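One structure below.
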Amino acid sequence: AQSVTQLGSHVSVSEGALVLLRCNYSSSVPPYLFWYVQYPNQGLQLLLKYTSAATLVKGINGFEAEFKKSETSFHLTKPSAHMSDAAEYFCAVSGGGATNKLIFGTGTLLAVQP
Amino acid sequence: DGGITQSPKYLFRKEGQNVTLSCEQNLNHDAMYWYRQDPGQGLRLIYYSQIVNDFQKGDIAEGYSVSREKKESFPLTVTSAQKNPTAFYLCASSLGAGVGAQPQHFGDGTRLSIL
């Protein structure tokens with residue numbers, strides 16, 4: 001069975017500050033991990049994905065995430081927040097295999113203060 | 001441009017009425033998915049289809065039905081048996097499974113409300 005836990009349903013940062021959104025996973029098989037972003041009343045857009053090629057994954061819009069097997073974590077970071085980063089962020093896990101099903105976390109709403 | 005189109009953007013349902021949400025993709029993806037999104041609960045899988053004329057129940061299939069007669073289309077019907085249908089519904093698609101995990105691509109959603 002697989003699951004994802006996102007710590008902190010709401011995170012607020014100042015513009016220019018570090019963004020850190022936390023994601024811990026549980027998986028009985030080597031996981032594939034994803035971060036998605038959702039703007040209000042829109043669908044989800046893929047930020048980045050981990051598929052075992054490299055533990056530090058760079059995504060779009062300056063975001064990156066590091067896979068740490070020992071900590072079962074896949075935290076999302078961005079060195080300097082921009083107002084346009086305000087959105088909801090979802091971490092998801094998949095075991096790949098026959099169905100490619102994704103298990104999503106409950107999301108973290110990021111607010112960026114001027 | 002390739003993508004996923006969901007329609008309508010907003011939909012209203014009367015008590016006891018079935019409604020159908022449309023999802024069309026031109027990405028040539030084999031797999032398609034329907035999710036329900038409620039505040040604070042993330043996305044929950046309703047149904048998914050890996051190939052034409054085949055689909056499987058997800059975690060919350062009760063009160064919903066789907067069909068997959070064409071590769072491009074995966075409509076979702078919310079039946080009167082679904083007692084709490086008010087939610088944001090998202091359709092997604094991906095390349096076929098079994099080749100490592102493929103990212104899912106999402107439409108812009110349909111917001112369903114009860115009158």
- Message: Residues that are open to solvent by less than 20 Å² (accessible area, probe 1.4 Å), in contact (Cβ under 8 Å) with a residue 40 or more places away in the chain and out of contact with any Lys or Arg (no Cβ under 9 Å at 6 or more places or on another chain): does region B:41-49 have at least one?
- Response: no
- Identify the single condition in (1) in contact with a strand residue (DSSP E or B) (Cβ under 7 Å, 6 or more places away or on another chain); (2) without any contact (Cβ under 8 Å) to a residue 40 or more places away in the chain; (3) among the hydrophobic types (A, V, I, L, M, F, W, C) that B:ALA81 does not satisfy, given that it satisfies every other one. (1)
- What tally of residues in region A:21-38 results from selecting those that are loosely packed, with under 13 Cβ neighbours inside 10 Å and either in contact with a strand residue (DSSP E or B) (Cβ under 8 Å, 6 or more places away or on another chain) or among the polar types (S, T, N, Q) (or both)? 1
- Item | Tally, over region B:62-111, of residues that are of a type in the set (D, E, K, R) and within 10 Å of another protein chain (Cβ to nearest Cβ) | 2
- Task: Please specify each residue of region A:97-114 satisfying the condition of being open to solvent by 10 Å² or more (accessible area, probe 1.4 Å) and either part of a helix (DSSP H, G or I) or within 12 Å of chain B (Cβ to nearest Cβ) (or both).
- Result: A:GLY97, A:ALA98, A:THR99, A:LYS101, A:ILE103, A:PHE104, A:THR106, A:LEU109
- Item | Residues (more than 13 Å from the chain's Cα centre (by Cα), open to solvent by 50 Å² or more (accessible area, probe 1.4 Å) and either of a type outside the set (Ser, Thr, Tyr) or over 16 Å from A:LEU76 (Cα atoms) (or both)) located in region A:4-20 | A:HIS10, A:SER14, A:GLU15, A:LEU18
- Note on the structure: Considering only strands (runs of 3 or more DSSP E) wholly within region B:1-110, the ones with at least 1 residues that are closer than 23 Å to A:VAL29 by Cβ and among the polar types (S, T, N, Q) are B:43-51, B:54-57, B:87-94
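The values are calculated or read from the model by the stated rules, or taken from the named source; none is laboratory data. Given the structure is predicted, the values throughout are model-derived calculations rather than measurements. Note: ideal-geometry Cβ built from the backbone for every residue, glycine included; neighbour counts use all protein chains shown. These area figures cover heavy atoms from the full protein model, side chains too; ligands, DNA and RNA do not enter into them. Shrake-Rupley method; radii C 1.70, N 1.55, O 1.52, S 1.80 Å.
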